[in-house]
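What follows is a single structure, written as structure tokens, with notes after it.
Read the figures in this text as sums done on the coordinates, not as results from a lab. Keep in mind it's a predicted model, so treat the numbers as computed, not measured. Virtual Cβ from ideal backbone geometry, glycine too; neighbours counted across all protein chains shown.
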Amino acid sequence: MTDRDGRRHLLGMADVDAADVERILDTAKSFEAVLDREVKKVPTLRGRTVMTLFFESSTRTSSSFELAAKRLSADTMSLKASGSSVDKGESLKDTVQTISAYGPDVVVIRHAGIGAPGLVTRWTDAHVINAGDGKHQHPTQCLLDLYTMREALGRLDGVQVAIVGDVLHSRVARSNIQGFRMMGAEVLLVGPKTLIPRGIEATGVRVSHDIRDIADADVVYVLRMQRERMAEGAAYVPTLQEYTARWGVTRARLRPTQLVMHPGPMNRGVEIATDVADAAQSLILRQVEAGLVTRMAVLYDLVTRPYREPAAAPVVAAVA
Amino acid sequence: MATATGKVVLDGDALRRTLVRVAHEIVEKNADLDGVCLVGIYTRGVALAHRLRHEIATAAGVEIDVGALDISFYRDDVSSRQPVVHSTRLDFAIDGRTVVLVDDVLYTGRTIRAAIDALFDYGRPARIQLAVLADRGHRELPIRADYVGKNLPTAADERVFVRLIETDEIDEVTIR
């Protein structure tokens, strides 16, 4: 999304096009070279301030954003609020306006409320990055997944990805379906009917309820079973044991050449078998590494291209 | 001779002779060539560094290390539009060595300032020298080149275009 003045944000995968993604992934690649050095820091964002606001719990996303900003020499300030004590309405506004008084250049926000990052753009002059809003979007997760896949396979176009599990509650799945399709990958969703949103085929994906259909995929992307939601008595699946029996990603269900990804945190023994998570074909730790360079690249991209180029004037076809 | 991109100041042949001369100057100035490495600044400095390496090998029989340096993350103007970022490739230690930075055009000196800062994050060279194909003047920092292919006095509104076969399919330097 961009403001009326063209200021760029990253609220969802709709805010980038394929060229933006390519550029961000290329930039991330060059940050790999920086992290290989003894001095793992560049002065690019010296004097800039990156604020992270996490209203929902997070380990890897908040720590990787903070380290990414530090590696770029930005000053960082992290605010964590427990979800229950902060209301969505006025208090979010108050919090953002308060931290905006410090003049941050980038605000990174995770919030349970869908669309909260969009609201934040109204209350600050900073670039806003969505680090996860409810079950809506998590664009930097998608970018780091694309980076990991491109590094492992050398391409994205035509790659077959099977996304397995709880698509319904997953912001990662929403961003990934959009981002993977944008870059030319084919997406198959596999899971119980109750956990696959109805009508999702309209986004250009295929759907299957049979785990055997992951056989053709180059990449099997396992989603976290959102156990906290299961406990509320909603009968998405009868029991976790039954889910594991029917849709758990186990060694027996994979070919040795298939790559396995998971956004973390994993429920080992539920959606993914422990030996699969630790196998050579698992990219899960590489995803964590990719998180750092990709988030560095996103910060760099927003600051170095602060405004969206005005759209080219529509070409009026000449009538012969 | 004038082309679509302006007046030709170095054609392919002159460009090659210029690089041979610069290679000889590097050899003459550095008695211990084994301690010398060439580091090209993206994009065209990298191609020039490889050519200088070849000419130095021809002139002195020594194959010296060549690296490629991207200075995007060290620029002093991050909020202006940035060119494509490349990956720095320095597969050798620069500590205690003489690093010859190589670039196509020396102008304000800001790129070189950034390159020197970047180098120091890779190690502590004994000394840094600078080789450029063209020096067009208009310095904004106290920086000068040790080896200059051609001095090109220019007006501020003129532009210098360096084209190399590796990147642009033709060897020439033009002013417009």
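Loop-located GluC sites (Glu not before Pro) across region A:211-282 with a Cβ neighbour count of 14 or fewer within 10 Å are A:Glu232, with loop assigned by DSSP. Counting Cα-Cα pairs of region A:139-284 in 10 Å increments starting at 0 gives whole-percent bin shares of 12, 47, 35, 6, 0. When B:Asp11, B:Asp104 are arranged by Cβ crowding within 10 Å, least crowded first, meaning fewest neighbours, the order is B:Asp11, B:Asp104. Extension gain for the segment A:Asp75 to A:Ala112, taken as residue separation times 0.36 nm less the Cα-Cα distance, is 10.7 nm to one decimal. What's the center-to-center distance, using Cα atoms, between region A:65-80 and region B:1-47 in Å? Distance between centres, Cα-based: 42 Å. Between A:Glu228 and A:Thr59, the simple label model (points 7 Å from Cα in the Cβ direction) yields a spacing of 1.4 nm.
With r as the distance between the Cβ atoms of A:Thr203 and B:Thr108 and R0 = 45 Å, compute the FRET efficiency 1/(1 + (r/R0)^6) and round to 0.05. Mind dumping the intermediate values first?
On the way: r = 49 Å, r/R0 = 1.09.
The pair B:Thr108/A:Thr203 has a calculated efficiency of 0.40.
Counting only residues at least eight positions apart within a chain, or on another chain, the aspartates and glutamates with an alpha carbon under 19 Å from that of A:Lys135 are A:Asp15, A:Glu56, A:Asp87, A:Asp145, A:Asp166, A:Glu201, A:Glu228, A:Glu232, A:Glu271. Once both labels are modelled 7 Å past Cα along the beta-carbon direction, what's the B:Phe92-A:Arg37 spacing in nm? In this crude label model, B:Phe92 to A:Arg37 measures out at 1.9 nm. Taking Cα atoms only, the orientation of helix A:139-153 departs from the longest principal axis of chain A by about 60 degrees.
Taking square-rooted eigenvalues a ≥ b ≥ c of the alpha carbon gyration tensor, is chain B rounded, prolate or oblate, where a/c under 1.5 means rounded and, failing that, a/b exceeding b/c means prolate? Note, shape of chain B comes out oblate. Considering only beta bridges that DSSP places wholly inside region A:139-284, some 0 percent are antiparallel.
At 0.36 nm per residue, and after removing the present C-alpha to C-alpha distance, how many nm does the segment from B:Ala126 to B:Glu158 gain when stretched out fully?
Here the answer is 7.9 nm.
Given contacts defined as C-alpha pairs under 8 Å and at least six residues apart, what's the relative contact order of chain A, whole-number percent?
Details: 589 pairs, mean separation 62.3, N = 320.
Relative contact order, chain A: 19 percent.
Each principal axis of the Cα cloud of region B:26-125 was evaluated for its coordinate range; sorted largest first, these ranges are 45, 24, 23 Å. Comparing Cα centroids, region B:59-121 and region A:1-51 end up 21 angstrom apart.
Can you tell me the FRET efficiency between B:Glu166 and A:Arg155 if r is taken as the Cβ-Cβ distance and R0 is 35 Å, rounded to the nearest 0.05? Intermediate values should be presented prior to the final figure.
Details: r = 25 Å, r/R0 = 0.71.
Efficiency computed from Cβ-Cβ geometry: 0.90.
Relative to the dominant Cα principal axis of chain A, helix A:60-71 is inclined by about 40°. You can think of it this way: the chain between A:Asp17 and A:Leu67 has 15.4 nm of extra reach, that is 0.36 nm per residue less the Cα-Cα gap.
Starting from the Cα gyration tensor of the protein assembly as shown, take the square roots of the eigenvalues, sort them a ≥ b ≥ c, and report rounded, prolate or oblate (rounded when a/c is under 1.5, otherwise prolate if a/b is larger than b/c, else oblate). Cα axes put the protein assembly as shown in the prolate bin. Using the structure shown, list the pairs from B:Lys29/B:Lys150; A:Lys70/A:Lys93; B:Lys7/B:Lys29; A:Lys29/A:Lys93; A:Lys41/A:Lys93 with a Cα-Cα distance above 29 Å, or answer none. Distance filter (> 29 Å) returns B:Lys7/B:Lys29; A:Lys29/A:Lys93; A:Lys41/A:Lys93. Rounded to the nearest 0.05, the FRET efficiency derived from the C-beta distance between A:Thr194 and A:Glu309 at R0 = 56 Å is 0.80.
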